[in-house]
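Below is one structure, written out as structure tokens, with a few remarks after it.
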2 protein chains.
Amino acid sequence: MLKTAADNLRVRRYRKGWILMDLIDTTLSMDRWEDLIHDAETGVVSEPLENVYRKRGTAFDVIFVGGGAGGRFGSAYAQARGLRQLVIDKWPFLGGSCPHQACVPHHLFSEAAREMDYMRWNSDTLWFPKFEEERASIVDMITLFKKGRNNAHAFMNWQSKEQLDMEYILNAEAIVIDKHTVEVNGERFTTQSLVLATGTRTHFPPEIAGLDKAGVYDFATLIDPGLDYEPTSCVIIGGSKVAMEYGSFFQATGCHTTILTRSALMRTESLHHVDEDLRTYVVDNMRLRGMDIIEGCEPLEVVGDDRAAGVLVRLADGTEEVIETDFVFIGTGERPNTKPYVDALGIEVDKKGFVKVNSRMQTSVEGVYAIGDLIGSPMEMFKARKCGMTAARNISGEAFEFDFTEFPDFLHTTYEVTWVGLTEQEARDAYGDISVIQMPPKGIRHEELSLPLAEGSMLYGFTRPELTGFQKCIYDNKSRRLLGAHHCGFGAKDAFQYLDHLIKKGITIDEMGEMNELFLNPEHFIQLSRLRAGNPDLQDL
Amino acid sequence: MLKTAADNLRVRRYRKGWILMDLIDTTLSMDRWEDLIHDAETGVVSEPLENVYRKRGTAFDVIFVGGGAGGRFGSAYAQARGLRQLVIDKWPFLGGSCPHQACVPHHLFSEAAREMDYMRWNSDTLWFPKFEEERASIVDMITLFKKGRNNAHAFMNWQSKEQLDMEYILNAEAIVIDKHTVEVNGERFTTQSLVLATGTRTHFPPEIAGLDKAGVYDFATLIDPGLDYEPTSCVIIGGSKVAMEYGSFFQATGCHTTILTRSALMRTESLHHVDEDLRTYVVDNMRLRGMDIIEGCEPLEVVGDDRAAGVLVRLADGTEEVIETDFVFIGTGERPNTKPYVDALGIEVDKKGFVKVNSRMQTSVEGVYAIGDLIGSPMEMFKARKCGMTAARNISGEAFEFDFTEFPDFLHTTYEVTWVGLTEQEARDAYGDISVIQMPPKGIRHEELSLPLAEGSMLYGFTRPELTGFQKCIYDNKSRRLLGAHHCGFGAKDAFQYLDHLIKKGITIDEMGEMNELFLNPEHFIQLSRLRAGNPDLQDL
């Protein structure tokens, strides 16, 4: 066997016939973690990577099956509360699909999309050279991502061990035997409570034929095994966030992209509180970049012999046509694989297979919890992590409930799009007497005004004012409370987390107006609110 | 006379011998406002632009002398509270120096700096062509800014008139006769209360010889009349925010920049709560981009015959040398011109000339208020605007105090740098038992870790991890309250406004951990806090 990172560790141990790599007494540097994960991914190391205090035995207070966002945060919380926890993942790292195939590559690709877009609009002006489309490669970005992703994986393993003192077994499948028993690598571990956290995968709609053809990808297969050719065009089936985000990236590279969607974009069931003005600005800007967005259609089949050559679609008017392409991307949502748990535990699932839980993350079987994407929408990081925390708190004896019906949301096109709380229409329906503060204000067209303006849109403000973004916040005139906020631009995403908290706390326009803005701020809510806060009777702005 | 925008208005009026352009009954579009401002700036229109309800007479509840941020926001608040207000500005637009010469061009230049930096680091890789330094022109950016700035001016005139119903006179100097009388264009207006809001200008230190030479600029003269050559290098006198921000831009264009500063950067009296780890990361990164930062020195003289050829400086070791340059930029702070008010009103000023006020913005003379930069540091937008609001509230009869001792702060290099609350050292001194949550964590070097990671740093995460930024937040272990937050990266500025509010409200790590993050968020405070919040005894992370 070659000398590998694993050999260098010299911590290979044999115990009761099981082969594993025992890391509990070893502190690995970031570099060595990266090497070890690489060896595990390439099959050089096939043994489980184990960080377990064996001297304490194999009985746990809680076992998390799945070490993604929910399993890891739940484990951290359980550990902090004094529970003995174990988290098990089939991958050789904690953190799950986000840093491996999902939100991290999406963010990298969305940054590339934003940057390519910026360089295109400014091509051959100022300090910008002519944009060279032939250099803009999807494959290069995938390669770059795959080359670097183990760094974040290494960090999460390091942090979970060295800082959070979690116990974990990685690079090994967990088999749930019963609600108190989990088998890993042929060995059984017992537990008081069990938390299921194994996530979802892309749903390939069975009614669409040909999805198994070469040239058909989803966000996961785009990375592993990975797209290995530069497509000449792309057709996206579905109108989800994933469709908008990856589609905007493909288009930005010069790969002409068509989105086929049943519902209008951002009017899907899975996205709530999407303001119509925001939606219009976002979708108009996708079209302005050259994307084709075909709404109200029904994709029927991926056509082609051995590989995808086009998508047959029934249009809104009932006619059918084939849109030719060598690259089909599926953005139709995700489904879990919960059959093993139903079989082993008898837990209840809904008709799509998502595990049914209450607000304490308890399943229908006492002592068994489920968290994260496995329980359904929203499939967002905050929910996964807080589900984990909620399960841990309940297992530790605290009656803690998590209501995730209201939350801030975002997506990327070549912009960051963020929203929280009620839309203008929802606010009007619920409260009647409201004030809307927006930029540009009603009656002024985007082309006329360089505002809103802040980091990321400054240059547009002086070259193409219509590209600087759109923003709106809404107040209830009676209580003067902030009801909702909506933003398309750059740099406001971080703030929307706190706006969500403040809206829930009942922040008023008067309190907003007394905050200390950092000018120019990406959303101009504080100062615009102040311009109106002096009025006993609120008005639009 | 040529046919101009002003002629097209057909609203020129003559009244009692005074010539002015009466706009009160006219609604101008954005375009027409832009034309009118342009005509005023170029001298085609020399008359005052007046938006005054003449039929209500010339007696006001409050007159704001100066229509910058403070005067405009104060006017909006006064108007909303039912006071009759008048605001007067010598420029043909409201909004003051910020959109004309200060924060807006600074933001445009800082965006250019960030973008040039990004394109340099990635030069000739991925989709980035080779960075062409010869295209990166300071003059081009100034020209671009000047060409577009009237749009924001137009908007503020439009908004102040059409939405906020303010009364104003622009393009006319206000002369304060006494505390109840202001003269404009030869006509006298009377008022119950007077608010002084005429700002500051760059302080050219008299002890430094040669600052009147050609080739010496400050932020204002850089724009008007404007730098009209491409300098081969730059020497900045002073270590203020302006020095760091403009210096980073000049350097990014390829104009090698040297900062001469007495105090270490970010350790000046005017910046408080600068965490040492943050400072180190920021300054190290300026040097990494090739800037020379000479601390502890004393600039003595701008040398050269008719124009600047270098700066004579006494170094920290006492030796003197000339640093050759054809471009000297002054970043030594600002001073007000308050002598006319002292003469006319007898108000008290401090030894630098700043007007003394109490927390209600009242000067030593009853009925006279002063706001904004005129009263001293911090010379920030939030303070100017809230001073205006504070004066208006007090004039309207509300006893309202404004304490601006604690506020969030930021500056640009090629990064956004933001901070609020206590530094680690201040927190340790004040509370003893604290927890520090930071990224990268203590013990991991920037080169080892691709985190922190979010929009703006994603590509660096996969190419140059040491450039992704730095962040830290600090909790008091006893109360579990957030004490301070510090960030260098991109996209967190907006959030720091709300963090300031939340810190003042006493937000705890437990509340932070229960917020809904939008992953990947530029500062990772919510999720990192959650990883520790389960602990009864807080610890570092």
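All of the numbers you see were taken from the coordinates with simple rules; none came from a lab. Quick caveat, the model's predicted, so the values are computed rather than measured. For neighbour counting, all protein chains shown are included, and Cβ atoms are generated from backbone atoms with ideal geometry for every residue, glycine included.
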* Average Cα contact separation per residue, the stretch B:359-469, under 8 Å, 6 or more apart, as relative contact order % -> 14
* **the stretch A:390-541: relative contact order as a whole-number percent, Cα under 8 Å and 6+ apart** => 25
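Per residue Cα convex hull volume for the stretch B:123-231, in cubic angstrom?
Working: hull volume 24.2 nm³, N = 109.
Hull volume normalised by residue count: 222 Å³.
If you place +1 on the Cβ of every Lys and Arg and -1 on the Cβ of every Asp and Glu, how big does the dipole about the Cα centre of the stretch B:439-541 come out, in debye to the nearest 20?
On the way: 12 positive and 14 negative charges, 51 e Å.
Rounded to the nearest 20 debye, it is 240 debye.
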* To do: Give A:LYS504/B:LYS505; B:LYS241/B:LYS383; A:LYS478/A:LYS504; B:LYS90/B:LYS146; B:LYS356/B:LYS386; A:LYS161/B:LYS478 a once-over and call out the pairs whose C-alpha atoms are over 20 Å from each other.
  => A:LYS161/B:LYS478
* Residues with amide H under 5 Å of A:PHE60's amide H, sequence separation 5 or more or different chain, H placed in the peptide plane at 1.01 Å from N; which? -> A:THR190, A:THR191, A:GLN192
* chain A pair-distance distribution - Cα-Cα, 20 Å bins, rounded % -> 20, 48, 29, 2
* **Bins of 5 Å from zero: percent of alpha-carbon pairs in the stretch B:488-541** => 4, 19, 27, 26, 19, 5, 1
* Cysteines of chain A lacking any other cysteine beta carbon under 4.7 Å? -> A:CYS234, A:CYS255, A:CYS297, A:CYS387, A:CYS473, A:CYS488
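Just for chain A, what percent of DSSP beta bridges are antiparallel, to the closest 5?
Numbers: 53 of 87 bridges.
The antiparallel proportion sits near 60 percent.
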* Against the globular-protein guess of 2.2 N^0.38 Å, express the Cα radius of gyration of the stretch B:158-307 as a ratio, rounded to two decimals. => 1.42
* **For the protein assembly as shown, share of DSSP beta bridges that run antiparallel, in % to the nearest 5** => 60
* What does the stretch A:50-204 give for Rg and for Dmax, in Å, if only its C-alpha atoms count? -> 20.6, 67
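Report the percentage of all Cα-Cα pairs in the stretch B:372-430 whose separation exceeds 13 Å, rounded to a whole percent. Intermediate results must be reported in sequence, preceding the final value.
Values: 1204 of 1711 pairs.
Summing the P(r) of the stretch B:372-430 above 13 Å gives 70 percent of all pairs.
Whats the longest run of chain B with zero trypsin sites (Lys or Arg not before Pro) that are DSSP loop and have at most 11 other Cβ atoms within 10 Å?
Maximal segment without exposed cleavage sites: B:131-350.
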* Using all C-alpha to C-alpha distances in the stretch B:147-202, build P(r) with 10 Å bins and read off the rounded percent in each one. => 19, 38, 36, 7
* **13 Å Cα-Cα reach of A:LYS55 towards aspartates and glutamates, excluding residues that sit fewer than 8 places from it in its own chain** => A:ASP22, A:ASP25, A:GLU167
* Asked: If one computes P(r) from the Cα atoms of the stretch A:312-433, what percent of pairs lie at distances over 20 Å?
  -> 63
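If you average the sequence gap of Cα pairs under 8 Å that are 6 or more apart and divide by the length of chain B, what percent do you get for the contact order?
Numbers: 1131 pairs, mean separation 72.0, N = 541.
Relative contact order here is 13 percent.
Can you tell me what percent of all Cα-Cα pairs in the protein assembly as shown are more than 62 Å apart? Let's see the in-between values first.
On the way: 65600 of 584821 pairs.
Within the protein assembly as shown, distances greater than 62 Å cover 11 percent of Cα pairs.
Kirkwood hydrodynamic radius, the stretch A:17-99, all distinct C-alpha pairs: what's the number in Å? Could you put the intermediate results ahead of the total?
Details: mean 1/r = 0.0726 Å⁻¹.
It is 13.8 Å.
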* Taking R0 as 51 Å, what's the FRET efficiency between A:ASN358 and A:LYS147 from their Cβ-Cβ distance, rounded to 0.05? -> 0.75
* Structure fact -> A chain fully extended from A:SER377 to A:GLN425 at 0.36 nm per residue, minus the present Cα-Cα distance, gains in nm 14.9 nm
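Please compute the Kirkwood hydrodynamic radius of the stretch A:415-533 from all pairs of different C-alpha atoms, in Å with one decimal. Show your work: numbers first, answer last.
Details: mean 1/r = 0.0697 Å⁻¹.
Here the Kirkwood hydrodynamic radius works out to 14.3 Å.
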